[in-house]
Amino acid sequence: MATLGVVTISVAQARDLLQRRSPAARRNVNAVRAYALAMRERRWVLNGVPLIISNTGQLRDGYQRLLACLEAQTPFETFLIRAAGPHQAGECPPPVTCGHESISPALAEQYLALGASGKRLSLARVASLATDLAQGREAFDAQPICFARSGRLLRGRHRLHAVIQAGGAARVAVIRGLDEAAAETYERCTTRRSQIAGANQFGDVALAAAMANLLWRHEQKTLAMPRAKANAVEISQIIAEHPRLLELRGFARRTIRYGRASVMGYAAYVMEREDAALAARFIAILEDTAPRRAGHPLLALCMKLQAQRRRKTPQAEQLATLLAGWTRFKARQTRVAADEVFRNQPGARAL
């Protein structure tokens, strides 16, 4: 059972927690700078966004705030969610209270009626959280819903909408009694990223997610889906079902002179599924230096792709150009193979 409470993180503790961060954690320079400035100027307020530590002791959320603590060399007060183990925090100082509540769709509607910030609602995030809830994923309730002392909803609209969309109750961390000023700090908080196994190096998660999103958009998206991007859960599922996408990261990066890495990687995966042997030849040509011999079957395609890259042509147009070139290449290779078979037939020379 997770424990939730208020703690004061010292500089030494921040340094220790950073040693146990997730491999996917990345510095957000603007967030760290803003947090550090608030800490140095004693403007830091308890805003309900917690540090999250997993049952294995790994830091799962709060990376930017800990970096700011080191930069400012100033302790800061924060909520702490610890997935398991003894709770080392003291009791919540009044009037702030924290705990867990079972929130039904009806209660979620009541909470949403209490008002929240005018920030635009992300339908993709709501869908992602609703999927987490429907599938019983613990990631759903890792972040708390926050209320001001006045009762106004400060944070948690996406989780409440997800409860309504999923149509089932959820046990969620709830924090009440915060200062109204806390609402101004939520804009800097980062959104959750896709958890992609095997993509922990710099840029891997973003590239893998972009390729997965292309697959979702061209192969799984329906007219009933108004959103333009797959949510975090869908991206993780696509990578799990299509692990070859991760393996094509190297090719994608080596051929960025022709188009965006996500376009090159996803297009290569489409080609391999159509004709693996022929795709290997096509990919090998692109991966080497651009064809320079006049009359080379891919010379015109490479020149067009490079021109589009310089003009920063939209992703969809780059993909269409590359796959059209692949279709012509396949057709040409089929004709060449048919001519070769014909020439090798008995009596063909006499004709």
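Rule-based calculations on the coordinates, nothing more; no lab input. Please read all numbers here as calculations on a predicted model, not as lab measurements. Positions of Cβ are backbone-derived with ideal geometry, glycine not excepted, and every protein chain shown enters the neighbour counts.
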Quiz item: Peptides 146-152, 127-133: what's the order by average Cβ count within 10 Å, highest mean first?
Solution: 127-133, 146-152
Quiz item: Using 7 Å Cα-to-Cβ label points, what is the residue 316/residue 204 separation (nm, one decimal)?
Solution: 3.2 nm
Quiz item: Tell me, what ³J(HN,Hα) does each residue in the range 156-165 have, in order and in whole Hz, if you take phi through Karplus 6.51 cos²θ - 1.76 cosθ + 1.60 with θ = phi - 60° and put x for Gly and Pro?
Solution: x, 4, 5, 5, 5, 5, 5, 4, 5, 5
Self-check item: Those GluC sites (Glu not before Pro) in the range 1-82 that DSSP places in a loop and that have at most 10 other beta carbons within 10 Å
Solution: 41
Self-check item: Computed lengthening from residue 309 to residue 222, 0.36 nm per intervening residue step minus Cα-Cα distance
Solution: 28.4 nm
Practice problem: Would you mind getting me the FRET efficiency between residue 299 and residue 121? Use the beta-carbon distance for r and R0 = 41 Å, nearest 0.05. | Solution: 0.25
Quiz item: Peptides 258-266, 243-251: what's the order by average Cβ count within 10 Å, highest mean first?
Solution: 258-266, 243-251
Quiz item: Full extension from residue 276 to residue 21: what is 0.36 nm times the residue separation minus their Cα-Cα distance, to one decimal in nm?
Solution: 87.8 nm
Quiz item: How much net charge surrounds residue 14 when only the other residues with a Cβ under 15 Å from the Cβ of residue 14 are counted, with Lys and Arg +1 and Asp and Glu -1?
Solution: +2
Self-check item: Protection proxy ranking of 231-237, 278-284 - average other beta-carbon atoms within 10 Å, highest first
Solution: 231-237, 278-284
Self-check item: Pair residue 37, residue 77: separation of 7 Å Cα→Cβ label points (nm)
Solution: 2.3 nm
Quiz item: Label residue 324 and residue 58 with points 7 Å out from Cα along Cα→Cβ: what is the distance between them in nm?
Solution: 4.5 nm
